[in-house]
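K.L.:
To start, I am sharing the structure in question, which I have written as structure tokens.
The values are calculated or read from the model by the stated rules, or taken from the named source; none is laboratory data. A quick note: this is a predicted structure, and the numbers were derived from the prediction, not measured. Cβ sites come from the backbone with ideal geometry, for glycine too, and all protein chains shown count toward neighbours.
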Amino acid sequence: MIAKIIAARNRGPAEIVIASSVMANLIPSCHYSRTIRHSVANETLIGDARNSYLCELIRDARTTDPTRLVSAALQNHERTEGNRFLIDIDDPIANDLDEMGNKEYIGWAERKES
């Protein structure tokens with residue numbers, strides 16, 4: 001089970017207080033062996049407000065529960081070099097995380113030519 005903590009882009013101090021409060025109440029209820037990480041974001045767009053917001057949530061998660069990993073699914077940039085498919089993750093919060101996630105949508109999201 002992954003305990004998800006509310007996070008979004010362009011949030012201000014009021015939203016940080018709300019998210020921190022939700023996290024402070026959520027994390028203590030997750031003290032089960034099946035909880036292995038707290039995730040703070042899911043492919044949010046990079047920006048100064050978002051970065052500040054998520055860094056604060058990451059610090060709060062570690063303060064509230066220092067026993068679990070803190071993760072996020074981050075945006076990526078895809079490119080090919082020859083026959084190699086490469087994924088670059090260049091996100092300012094990456095170094096603050098214990099674990100980074102990346103999603104790849106293959107098949108169902110591709111447009112078929114008629």
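K.L.:
Go through (1) in contact with a Gly (Cβ under 7 Å, 6 or more places away or on another chain); (2) crowded, with 19+ Cβ neighbours inside 10 Å; (3) at pLDDT below 85 one by one and return the number of the condition Ala7 breaks.
P.N.:
So Ala7 meets the others, but not (1).
K.L.:
I'm checking my understanding of the structure. Among residues of region 81-114 that are in a strand (DSSP E or B) and in contact with a strand residue (DSSP E or B) (Cβ under 6 Å, 6 or more places away or on another chain), which one is modelled with the highest pLDDT? Explain how you work it out, then say what you get.
P.N.:
Of region 81-114, the ones in a strand (DSSP E or B) are 81, 84-88, 99-101.
Next, from what is left, pick out any that are in contact with a strand residue (DSSP E or B) (Cβ under 6 Å, 6 or more places away or on another chain): 86-88, 99, 101.
Numbers: Leu86: 84, Ile87: 83, Asp88: 85, Glu99: 93, Gly101: 87.
Among those residues, the one meeting the criterion is Glu99.
K.L.:
A further question follows. Which members of region 66-80 meet the condition of being free of Cβ contacts under 8 Å to residues at least 24 places away in the same chain and either surrounded by 10 or more Cβ atoms within 10 Å (Cβ to Cβ) or part of a strand (DSSP E or B) (or both)?
P.N.:
His77, Glu78, Arg79, Thr80
K.L.:
What tally of residues in region 40-65 results from selecting those that are more than 17 Å from Gly101 (Cα to Cα) and outside any helix (DSSP H, G or I)?
P.N.:
Total satisfying the criteria: 2.
K.L.:
Mind checking which pairs have a first residue in region 83-101 that is closer than 22 Å to Ile58 by Cα and a second that is among the aliphatic types (A, V, I, L, M) and loosely packed, with under 12 Cβ neighbours inside 10 Å, Cβ under 8 Å, 6 or more apart or different chains?
P.N.:
Sorted first by the residue in region 83-101, then by its partner, the pairs are Met100/Ala94.
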